[in-house]
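Notes for the one structure printed next.
The values are calculated or read from the model by the stated rules, or taken from the named source; none is laboratory data. Only a predicted model underlies this, so the values are computations on that prediction, with no experimental measurement involved. Don't worry about glycine lacking a Cβ; one is built from the backbone with ideal geometry, like all the others, and counts go over all protein chains shown. Calculation scope for accessible area: heavy atoms of the full protein, side chains included, ligands and nucleic acids excluded. Shrake-Rupley method; radii C 1.70, N 1.55, O 1.52, S 1.80 Å.
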Amino acid sequence: MTQVNLGTANEFIARHIGPRAGDEQAMLNSLGFDSLEALSASVIPESIKGTSVLGMDDGLSEADALAMIKSIAGKNQLFKTYIGQGYYNCHTPSPILRNLLENPAWYTAYTPYQPEISQGRLEALLNFQTMISDLTGLPIANASLLDEATAAAEAMTFCKRLSKNKGSHQFFASIHSHPQTLDVLRTRAEPLGIDVVVGDERELTDVTPFFGALLQYPASNGDVFDYRELTERFHAANALVAVAADLLALTLLTAPGEFGADVAIGSAQRFGVPLGFGGPHAAYFSTKDAFKRDMPGRLVGVSVDRFGKPALRLAMQTREQHIRREKATSNICTAQVLLANIASMYAVYHGPKGLTQIANRVHHLTAILAKGLTALGAKVEQASFFDTLTVAAGANTAALHDKAHAAQINLRVIDAQRLGLSVDETTTQADIETLWGLFADGKTLPDFAALAASVQSTIPASLVRQSPILSHPVFNRYHSETELMRYLRKLADKDLALDRTMIPLGSCTMKLNAASEMIPVTWAEFGALHPFAPAAQSAGYQQLTDELEAMLCAATGYDAISLQPNAGSQGEYAGLLAIRAYHQSRGDERRDICLIPSSAHGTNPATANMAGMRVVVTACDARGNVDIEDLRAKAIEHREHLAALMITYPSTHGVFEEGIREICGIIHDNGGQVYIDGANMNAMVGLCAPGKFGGDVSHLNLHKTFCIPHGGGGPGVGPIGVKSHLTPFLPGHGQMERKEGAVCAAPFGSASILPITWMYIRMMGGAGLKRASQLAILNANYISRRLEEHYPVLYTGSNGLVAHECILDLRPLKDSSGISVDDVAKRLIDFGFHAPTMSFPVAGTLMIEPTESESKEELDRFCDAMIRIREEIRAVENGTLDKDDNPLKNAPHTAAELVGEWTHPYSREQAVYPVASLIEGKYWPPVGRVDNVFGDRNLVCACPSIESYA
Ligand SMILES: Cc1ncc(COP(=O)(O)O)c(C=O)c1O
């Protein structure tokens with residue numbers, strides 16, 4: 001009898017990995033290796049071989065992993081929550097849940113750097129910007145920041161940069177701000193020498209010491225204050241005013257821009273995004289036109305395409321980290337695009353009337369609640385409020401919390417004498433009556449209907465919103481589910497995401513985001529938990545995060561992990577703060593030099609600047625490696641002040657540098673700490689471990705190596721791993737044991753997407769993870785070998801091999817044919833591909849990272865396209881194709897240009913069907929090549945009028 005395999009272990013591995021067994025051998029043969037082990041043995045430098053500490057356990061089947069995580073999720077308890085404090089229950093409209101949040105066409109897309117294949121999500125983001133701009137009354141809004149607290153910190157440094165009170169280092173922060181915002185402000189201010197002065201703005205007599213101020217609107221405790229006069233006083237003293245505002249409240253309240261605020265920031269969470277134990281949610285940032293060029297984050301702008309038609313794109317991309325590098329004041333890169341798009345569609349779906357209706361309902365329910373509480377003898381502190389009340393319960397406070405918990409209700413803990421209540425979109429009459437019941441103490445409950453008939457809005461007349469909101473047609477035409485569903489489909493169809501094609505973006509690791517990994521994300525047990533719910537209710541999250549931390553320690557060789565940072569940039573920041581605090585703890589305050597190789601990602605120098613460090617750039621040699629002698633010389637020169645080295649490994653040049661151990665040794669010998677940027681961890685898991693070959697701290701991009709989808713530009717998770725001596729300096733949080741040093745608003749940052757990584761690791765097991773790294777290396781080397789005779793591969797190791805990505809040098813082609821890296825990237829769109837990373841880390845190059853998830857068939861399709869493009873370039877070189885009017889210069893070609901007169905010296909077929917296989921499944925870009933210069937010169941960052949599309 002044949003032996004039947006009754007087990008299901010490891011069955012997911014082959015589903016995650018692209019190449020099939022026979023293909024794998026053929027690919028290895030093409031590289032001259034007989035096994036994957038032999039290939040990795042050749043790629044991984046001798047000095048770091050064997051450093052991996054990952055156990056080789058089996059992977060769970062998808063069904064088993066889902067069952068296991070379901071039981072973990074079940075340990076979270078879902079109490080009815082009135083905590084508020086910046087996080088509110090809301091309904092994610094079902095068509096948005098299903099057609100956007102759970103739709104790979106939206107969640108597997110990349111940041112829209114290639115505008116021609118991103119018009120759909122760019123439009124959704126432009127709607128977001130328009131919505132923010134409308135509600136806040138400030139004309140320029142960006143396409144999301146990470147959370148409200150970090151947005152407040154961005155606002156603080158923005159004010160510092162732009163305020164005319166140049167000598168001032170003091171920033172006023174209202175005592176009425178959310179506590180988590182104040183915590184992050186303090187963290188971010190200290191390294192920059194900014195003094196955050198927290199106080200009650202009503203008692204502020206002298207505003208002259210400040211360069212800026214943060215006010216909360218409505219206040220965290222619920223009060224609605226009129227900040228007009230105060231804003232004028234700050235302005236008279238040359239200070240700028242930032243207002244943290246609640247978007248739903250703004251449908252009823254005078255917009256911050258209308259009372260003079262310079263900046264508005266806040267969270268878009270309650271516009272349809274689940275609480276998710278704190279994240280991910282989109283924060284927003286809007287400002288006055290005069291300050292637009294100093295905005296942190298990404299900005300969608302309207303430009304024109306080759307045919308003069310409106311086309312969207314990311315505007316002013318070369319600001320901040322790219323150009324300013326170590327002078328950049330913001331390091332934000334990955335943001336919260338998917339969540340911004342959910343919020344934007346929430347506004348599209350509900351429209352101005354629907355949103356105002358929700359806000360009015362919330363406000364009136366709160367007013368009814370307040371009246372009833374007062375009738376029951378409770379002392380409500382607010383006369384004017386939107387949705388939040390503070391009750392001075394005195395000695396009764398603790399007993400009320402106990403009573404609430406017994407009824408599975410959470411109230412906000414303020415202090416021993418007071419508690420808070422926030423009403424939201426999900427609150428009902430029955431909920432209000434239940435709340436009254438907590439306070440009734442045997443008294444008869446008030447009559448809801450009678451109170452409902454008599455309550456009035458409590459918003460002061462001077463603050464009642466007069467200006468209209470969301471008048472653009474986009475917010476007024478998709479209110480039926482059929483219309484919204486089709487709008488979302490129309491936008492998704494304009495874009496290329498991983499559900500259509502490989503996205504070979506170097507340094508971005510666009511691998512499979514498996515459905516089984518994604519499924520738990522939208523379970524209520526993970527989605528509906530408030531981040532500040534009592535710890536006993538989040539036992540499931542506790543188990544999940546404990547297990548994940550252990551898994552990530554095993555994958556990296558570090559001793560401890562913090563899951564708090566909600567993007568790679570924030571991980572970098574938390575890591576450098578840990579290094580800084582470590583030096584300080586040893587009395588080494590003067591250590592403030594951060595060495596950074598010239599090839600570093602722009603976030604590295606920007607982060608060093610934000611952490612109060614001085615950047616010294618070190619050189620790279622002709623092979624793309626760190627110039628060790630230059631590094632040594634600089635480490636020695638600055639030995640008294642050396643704080644850290646930030647180095648990416650394998651390098652941003654796509655190579656495992658052989659000298660990495662020596663490099664780490666040089667830094668340690670001179671008193672510094674080694675920060676290994678783990679963006680390229682996908683080449684290392686199971687093969688070598690940064691925590692074991694010299695790193696003191698690394699961030700990981702879970703949205704690269706560990707399968708969290710990019711969401712069109714976020715969310716992400718950027719946990720840091722540290723060696724034990726840095727453990728005491730990991731980020732803290734008001735809700736954690738270590739209170740100080742928060743880098744994010746929520747203790748676990750983007751907690752609700754951590755199940756994705758948990759699922760990936762459990763389904764792959766140690767052996768599967770190692771195999772993923774090996775296949776990522778195999779796929780990259782296969783591409784590099786197939787393409788090297790057509791395009792020079794810029795850097796390889798001494799063995800002629802690359803790591804998990806390769807850089808093609810297109811500079812010589814520019815000289816020989818006039819064809820640029822841009823032309824090739826755009827021509828790839830005609831072949832149905834997303835372009836590789838352009839001009840990073842070397843201008844005029846393409847960096848290709850295929851990941852392990854792409855099959856040989858897809859790799860070959862890509863290589864065939866690249867080879868075909870090379871032939872077209874050759875035709876330009878030898879004059880067969882015109883040097884200006886050719887398929888490369890005119891790429892990408894749209895369907896619209898095929899009709900009517902065709903004037904090009906090459907055929908329509910060559911333009912749009914350069915290979916026959918495209919006839920079966922062609923991607924048609926909705927716009928021609930987008931004009932970047934026009935867009936930056938004529939900056940329009942909100943929805944243009946419909947007429948302009950004519
Ligand atoms: C090498 C490197 N470091 C840091 C980052 C920043 O990570 P994030 O975009 O998650 O902030 C990136 C992002 O692409 C990167 O490639």
Of the residues R623, R586, only one is out of contact with any strand residue (DSSP E or B) (no Cβ under 9 Å at 6 or more places or on another chain) and at pLDDT below 95; which?
R623
Answer with yes or no whether G420 is open to solvent by less than 10 Å² (accessible area, probe 1.4 Å) and touching a Ser or Thr at 6+ places or on another chain (Cβ under 9 Å).
yes
Scanning the range 575-622 for residues that are assigned to a helix (DSSP H, G or I) and within 12 Å of the ligand (Cβ to nearest atom) gives G575, T603, N604, P605, A606, T607
Among the residues of the range 893-926, write down those that are of a type in the set (A, V, I, L, M, F, W, C), farther than 19 Å from M502 by Cα, open to solvent by 60 Å² or more (accessible area, probe 1.4 Å) and part of a loop (DSSP other than H, G, I, E, B).
V899
Collect the residues in the range 326-351 that are open to solvent by 20 Å² or more (accessible area, probe 1.4 Å) and either touching a strand residue (DSSP E or B) at 6+ places or on another chain (Cβ under 8 Å) or more than 16 Å from the ligand (Cβ to nearest atom) (or both), keeping them in residue-number order.
E326, K327, Y349, H350
Scan the range 673-718 residue by residue and report those that are of a type in the set (D, E, K, R) and touching a strand residue (DSSP E or B) at 6+ places or on another chain (Cβ under 7 Å).
D677, D696
Looking at (1) hydrophobic (A, V, I, L, M, F, W, C); (2) within 16 Å of the ligand (Cβ to nearest atom); (3) in contact with a strand residue (DSSP E or B) (Cβ under 8 Å, 6 or more places away or on another chain), which is the one condition that is false for A539?
(2)
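Here's the yes/no breakdown for (1) surrounded by fewer than 24 Cβ atoms within 10 Å (Cβ to Cβ); (2) within 21 Å of I848 (Cα to Cα); (3) within 16 Å of the ligand (Cβ to nearest atom); (4) more than 23 Å from the chain's Cα centre (by Cα):
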| position | (1), (2), (3), (4) |
| --- | --- |
| I647 | no, yes, yes, no |
| T652 | no, yes, yes, no |
| H699 | no, no, yes, no |
| G712 | no, yes, yes, no |
| A742 | no, no, no, no |
Restricting the search to the range 563-595, which residues are polar (S, T, N, Q) and either open to solvent by less than 10 Å² (accessible area, probe 1.4 Å) or in contact with a helix residue (DSSP H, G or I) (Cβ under 6 Å, 6 or more places away or on another chain) (or both)?
Q564, N566, S569, Q570
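Mind checking which residues of the range 660-680 are in contact with a helix residue (DSSP H, G or I) (Cβ under 9 Å, 6 or more places away or on another chain) and away from the ligand (no atom under 11 Å from the Cβ)? Please lay out each step first, then the result.
Our first condition is that a residue be in contact with a helix residue (DSSP H, G or I) (Cβ under 9 Å, 6 or more places away or on another chain); within the range 660-680, this holds for 660-663, 666-667, 669-679.
I660, R661, E662, I663, I666, I667, D669, N670, G671, G672, Q673, V674 - these are the residues of the range 660-680 that are in contact with a helix residue (DSSP H, G or I) (Cβ under 9 Å, 6 or more places away or on another chain) and away from the ligand (no atom under 11 Å from the Cβ).
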Based on this model, can you work out whether L78 counts as open to solvent by less than 60 Å² (accessible area, probe 1.4 Å) and either modelled with pLDDT of 95 or more or within 31 Å of the chain's Cα centre (by Cα) (or both)?
no
Hand me the list of strands (runs of 3 or more DSSP E) wholly inside the range 206-312 holding 1 or more residues that are of a type in the set (G, A, S) and free of Cβ contacts under 8 Å to residues at least 40 places away in the same chain.
none
When you scan the range 38-61, do you find a residue that is at pLDDT below 95 and part of a helix (DSSP H, G or I), even just one?
no
Against the condition among the β-branched types (V, I, T), outside any strand (DSSP E or B), within 15 Å of G372 (Cβ to Cβ) and modelled with pLDDT of 95 or more, how does T458 come out, does it pass?
yes
Selection status of S507, within 16 Å of the ligand (Cβ to nearest atom), in contact (Cβ under 8 Å) with a residue 24 or more places away in the chain and open to solvent by less than 50 Å² (accessible area, probe 1.4 Å):
yes
